[in-house]
Amino acid sequence: MNRIAVITDIHGNLPALEASLDAIDTIGVDAVYCGGDLVGYGPRPNEVCRLIEERGIPTIYGNYDYAIARELEDCGCAYVTPHDRELGQRSVAWTLAHTDQRSKDFMRTLPFDLRFELGNQEVHLVHGSPRKVNEYLFEDKPASLYERLARAEEARTLVFGHTHKPWIHTYGDVLFVNCGSVGKPKDGDPRAGFAILELDGTGEVRASIERVPYDAEAVAREVAAAGLPGEYADKLVAAA
């Protein structure tokens, strides 16, 4: 393989997933991988799981997938305020009630991580970090953290999501690639986001973040109509 796409953090947003896959098909890649969090916050958990399953996209579980598949009431998310926690628990309860058994069974089969080759370079895909599915690797964390992770990493490229904020940086000999989020960006850009990884002229891996417009306002209306917290609908449009 010489070029691949990585999608992550879809969160029940089917139109964003469809727009991303259409864009990836147009770009042209050798394979698509998914970094998890298929469900949660969004109104189409089952349709998202079906599309991923039908396309045969190699996928790992995110913290939300792990919880919903096992009927857990805690998604492992970090909440800043009690109000955020209340909203989060409402989302978990809604997703548990509206995710069918086929989707839960599918998510239970997903592994923690995946390793694959791009050219002769190994790529390691995790959801949060190699240490924990729900560890947040934000861009502004101390460089010492990423240098420690780089020393422990066997692959030359580490790909992840979970924060919904994309970034790319090299620490030590490891390229860190946060793919952002297909269905629930938090970087101020409401468009769906995903990563493209490809080989450069020297056989090294380079990465870019692609953004794709879709009808986020229509999905926001669907979120509100489904009985999910209105704040989630607002954030789809604002992406903050």
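The table below lists the values:
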quantity	calculated
Criterion: touching a Gly at 6+ places or on another chain (Cβ under 6 Å) and not hydrophobic (A, V, I, L, M, F, W, C) - qualifying residue of Gly40, Gly35, Gly28	Gly35
Residue within the range 152-173 that is of a type outside the set (Gly, Ala, Ser), closer than 22 Å to Arg3 by Cβ, buried (at least 22 other Cβ atoms within 10 Å of the Cβ) and touching a helix residue (DSSP H, G or I) at 6+ places or on another chain (Cβ under 9 Å) present	yes
Flag for Asn46 being polar (S, T, N, Q) and either closer than 9 Å to Gly183 by Cβ or free of Cβ contacts under 8 Å to residues at least 60 places away in the same chain (or both)	yes
Matching residues, the range 32-43, being in contact (Cβ under 8 Å) with a residue 60 or more places away in the chain and not aromatic (Phe, Trp, Tyr)	Gly35, Gly36, Asp37, Leu38, Val39, Gly42, Pro43
Candidates Asp9, Asp37, Asp30 - the one that is acidic (Asp, Glu) and in contact with a helix residue (DSSP H, G or I) (Cβ under 6 Å, 6 or more places away or on another chain)	Asp37
Filtered residue count, the range 65-119, keeping only those that are free of Cβ contacts under 8 Å to residues at least 60 places away in the same chain and either charged (D, E, K, R) or on the phi > 0 side of the Ramachandran plot (or both)	16
Members of the range 209-224 that are in contact (Cβ under 8 Å) with a residue 24 or more places away in the chain and among the small types (Gly, Ala, Ser)	Ala216, Ala218
Strands (runs of 3 or more DSSP E) wholly inside the range 1-118 containing at least 3 residues that are at pLDDT below 95 and surrounded by fewer than 15 Cβ atoms within 10 Å (Cβ to Cβ)	none
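The values are calculated or read from the model by the stated rules, or taken from the named source; none is laboratory data. These numbers come from a predicted model, not from an experiment. No Cβ is skipped: glycine too gets one built from the backbone with ideal geometry, and neighbour counts run over all protein chains shown.
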